[in-house]
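Student: Quick one: the structure is below, questions incoming.
The values are calculated or read from the model by the stated rules, or taken from the named source; none is laboratory data. Quantities reported herein were computed from a predicted structural model and do not represent experimental measurements. Quick reminder, even Gly has a Cβ in these numbers, built from the backbone with ideal geometry, and neighbours come from all protein chains shown.
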Amino acid sequence: MKIAEPNTVFIATPQRRSPEHRPRFALFNLGFRPFYLCGAAFGGLALTVWLLVLSGVPLLGGYLLRADPVGWHAHEMVFGFAAAIVVGFLLTAVRAWTGRETASGATLASLAFLWLAGRVLVWSGPALPSAIVDSAFLPVAAVLLLRVLVKAGNRRNYFVAVVLLAFGALNAAFHAFSIDARPDLAMRAMYASVGIVVMLVGVIGGRVIPMFTASAIPSFVARRWRLVELTVAPLTLAAFLADAFAPGVAIIVAPLALLACGVHLARMIGWRSYAVRGRPILAILHLAYAWLPIGFAMLALSALGWTRVPHSLAMHAFATGAIGGAIIAMITRTARGHTGRPLIADKRDVACYALVMAAGALRVFGPLVAPSWHSTWVFAAGACWVLAFALYVAAYAAPLFKPREDGKPG
């Protein structure tokens with residue numbers, strides 16, 4: 001599948017408004033603004049709730065939280081937190097790819113409210129209205145994006161709407177299985193949904209990371225191998241689908257996971273990720289991507305029955321390390337670019353990067369080194385995660401609410 005050239009992600013139309021005609025409230029000007037802010041805030045809040053649950057603190061709640069706390073945690077981190085960031089990114093990117101306006105104003109506010117209503121209902125219930133409202137968010141976002149792509153004749157990017165529709169279908173399946181008291185099948189839908197987000201990280205990362213690296217390092221030349229680029233997305237998705245729908249079948253899951261590990265590692269060798277240093281806003285992209293081969297290696301070991309590498313650690317390598325790292329990298333970089341600020345990470349950005357990477361390392365490698373301290377590792381990782389996204393909200397809330405200083409739209 002092809003997407004638009006990555007440098008278009010930061011293109012904005014040149015029109016400027018005079019200060020006296022510039023609106024002071026800009027939260028619903030472009031998709032990244034409400035969804036980055038609300039998604040980051042929710043990512044910290046949902047993890048705080050999960051730590052309280054693990055601590056044995058009694059919490060009021062209905063539907064999923066009461067019936068299946070583990071399912072609630074997994075669902076909200078993927079379909080609540082990650083989905084918000086994905087939609088915010090795509091609404092912003094499609095505007096750049098097509099040169100046409102995506103959802104803004106009342107339409108964008110309504111979409112954000114739909115997402116928020118899903119979060120409240122999944123917490124409180126009742127079950128059926130919760131499932132209906134929450135399952136509507138991703139399909140509605142897909143339709144809004146597809147309308148813009150069709151009007152622009154931008155066929156090569158239709159796939160983003162297809163991906164969101166598939167993501168939404170898995171969310172609906174998760175709810176259906178949960179209501180039917182089949183948490184095992186609900187989690188299988190969850191694993192497949194993690195695969196969709198990881199595939200997006202791979203596809204988008206494969207386009208923007210070499211370009212950003214070349215922009216920052218004049219002597220850098222990325223090496224690309226045609227076979228690797230053709231197979232990286234299909235192998236990524238195939239490994240996750242095999243894990244989700246053929247659990248325990250090591251002869252299928254392990255080879256696919258190892259092949260996926262190999263192609264992602266080959267990409268990083270071609271990008272010379274080992275040589276990137278001194279530029280935190282660039283290095284975090286490479287560090288987040290490095291979790292992909294790590295995750296697939298762990299997935300293969302888990303499928304082969306290595307008891308020291310349980311399936312949950314592989315999933316957290318993807319969710320905390322790869323997805324969490326990619327999210328904090330992109331929501332700082334694109335928020336800076338689209339609010340007219342320099343693309344240089346400040347101390348708070350660097351702290352966010354370090355905390356998310358620490359969360360991944362503590363959550364994944366801690367239990368490998370000292371399994372008896374499992375709870376300690378989980379709480380330490382959770383604290384790093386919550387602090388990282390709380391710091392992001394504190395740093396970026398004001399710029400996301402305010403219009404661009406340079407007067408450009410967005």
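Student: Which one of these does R277 not meet: (1) among the charged types (D, E, K, R); (2) touching a residue at least 24 places away in the same chain (Cβ under 8 Å); (3) under 22 Å from L343 (Cβ atoms)?
Tutor: It is condition (2) that R277 fails.
Student: Moving on to the next point. Might you let me know whether region 333-351 holds any residue that is among the small types (G, A, S), surrounded by fewer than 17 Cβ atoms within 10 Å (Cβ to Cβ), touching a Lys or Arg at 6+ places or on another chain (Cβ under 9 Å) and not in a helix (DSSP H, G or I)?
Tutor: Yes, region 333-351 has at least one match.
Student: Let me ask another. Taking L165 as the residue in question, decide whether it is buried (at least 21 other Cβ atoms within 10 Å of the Cβ) and modelled with pLDDT of 95 or more.
Tutor: Spelling it out, it is not the case that L165 is buried (at least 21 other Cβ atoms within 10 Å of the Cβ) and modelled with pLDDT of 95 or more.
Condition check ((1) more than 25 Å from A394 (Cα to Cα); (2) touching a Gly at 6+ places or on another chain (Cβ under 7 Å); (3) at pLDDT 95 or above; (4) outside the structural domain of D349 (by TED's automatic domain parsing)) across all residues:
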residue: T13; (1), (2), (3), (4): yes, no, no, yes
residue: S18; (1), (2), (3), (4): yes, no, no, yes
residue: C38; (1), (2), (3), (4): no, no, yes, yes
residue: F42; (1), (2), (3), (4): no, yes, yes, yes
residue: L64; (1), (2), (3), (4): yes, yes, no, yes
residue: E76; (1), (2), (3), (4): no, no, yes, yes
residue: A83; (1), (2), (3), (4): no, no, yes, yes
residue: L91; (1), (2), (3), (4): no, yes, yes, yes
residue: A109; (1), (2), (3), (4): no, no, yes, yes
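Student: Are there any pairs, at least 6 apart or on different chains, whose C-beta atoms fall under 8 Å, with the first in region 226-244 and under 14 Å from L258 (Cβ atoms) and touching a residue at least 40 places away in the same chain (Cβ under 8 Å) and the second of a type in the set (D, E) and assigned to a helix (DSSP H, G or I), and if so, which?
Tutor: none
Student: Which residues, taken from region 75-95, are over 20 Å from A176 (Cα atoms) and over 9 Å from the mean Cα position of the chain (by Cα)?
Tutor: V87, G88, F89, L90, L91, T92, A93, V94, R95
Student: Those residues that are surrounded by 17 or more Cβ atoms within 10 Å (Cβ to Cβ) and either acidic (D, E) or free of Cβ contacts under 8 Å to residues at least 12 places away in the same chain (or both), I need them from region 50-93; list them, please.
Tutor: Correct list: D68, E76.
Student: What number of residues within region 204-232 satisfy the criterion of being among the aliphatic types (A, V, I, L, M) and surrounded by fewer than 19 Cβ atoms within 10 Å (Cβ to Cβ)?
Tutor: Within region 204-232, residues that are among the aliphatic types (A, V, I, L, M) and surrounded by fewer than 19 Cβ atoms within 10 Å (Cβ to Cβ) number 8.
Student: Of all residues being in contact (Cβ under 8 Å) with a residue 60 or more places away in the chain, among the hydrophobic types (A, V, I, L, M, F, W, C) and over 18 Å from A260 (Cα atoms) in region 182-203, which is surrounded by the most Cβ atoms within 10 Å (Cβ to Cβ)? Just the residue, please.
Tutor: Among those that are in contact (Cβ under 8 Å) with a residue 60 or more places away in the chain, among the hydrophobic types (A, V, I, L, M, F, W, C) and over 18 Å from A260 (Cα atoms), it is M190.
Student: Of all residues in region 48-83, which are in a helix (DSSP H, G or I), over 23 Å from R188 (Cβ atoms) and in contact with a helix residue (DSSP H, G or I) (Cβ under 6 Å, 6 or more places away or on another chain)?
Tutor: T48, L51
Student: When you check F113 against the structure, is it buried (at least 16 other Cβ atoms within 10 Å of the Cβ), under 27 Å from L149 (Cβ atoms) and either at pLDDT 95 or above or outside the structural domain of A395 (by TED's automatic domain parsing) (or both), yes or no? I'd like the intermediate steps shown before the answer.
Tutor: On the way: buried (at least 16 other Cβ atoms within 10 Å of the Cβ): no; under 27 Å from L149 (Cβ atoms): yes; either at pLDDT 95 or above or outside the structural domain of A395 (by TED's automatic domain parsing) (or both): yes.
Against the criterion (buried (at least 16 other Cβ atoms within 10 Å of the Cβ), under 27 Å from L149 (Cβ atoms) and either at pLDDT 95 or above or outside the structural domain of A395 (by TED's automatic domain parsing) (or both)), F113 does not qualify.
Student: A358: crowded, with 19+ Cβ neighbours inside 10 Å and farther than 17 Å from F81 by Cβ, yes or no?
Tutor: no
Student: Going through region 116-156 one residue at a time, which ones are crowded, with 18+ Cβ neighbours inside 10 Å and hydroxyl-bearing (S, T, Y)?
Tutor: Correct list: S130, S135.
Student: I've got another one for you. Out of contact with any Ser or Thr (no Cβ under 7 Å at 6 or more places or on another chain), among the hydroxyl-bearing types (S, T, Y), buried (at least 22 other Cβ atoms within 10 Å of the Cβ) and part of a helix (DSSP H, G or I): does that describe T236?
Tutor: So T236 fits the description; yes.
Student: Another question about this same structure. Kindly provide the set of residues from region 245-260 that are at pLDDT 95 or above and closer than 22 Å to F167 by Cβ, ordered by number.
Tutor: Within region 245-260, V253, L256, A257, A260 qualify.
Student: Please find, within region 362-379, the residue that is surrounded by the fewest Cβ atoms within 10 Å (Cβ to Cβ) out of those that are within 18 Å of W291 (Cβ to Cβ) and without any contact (Cβ under 8 Å) to a residue 24 or more places away in the chain.
Tutor: Checking each candidate, the answer is V369.
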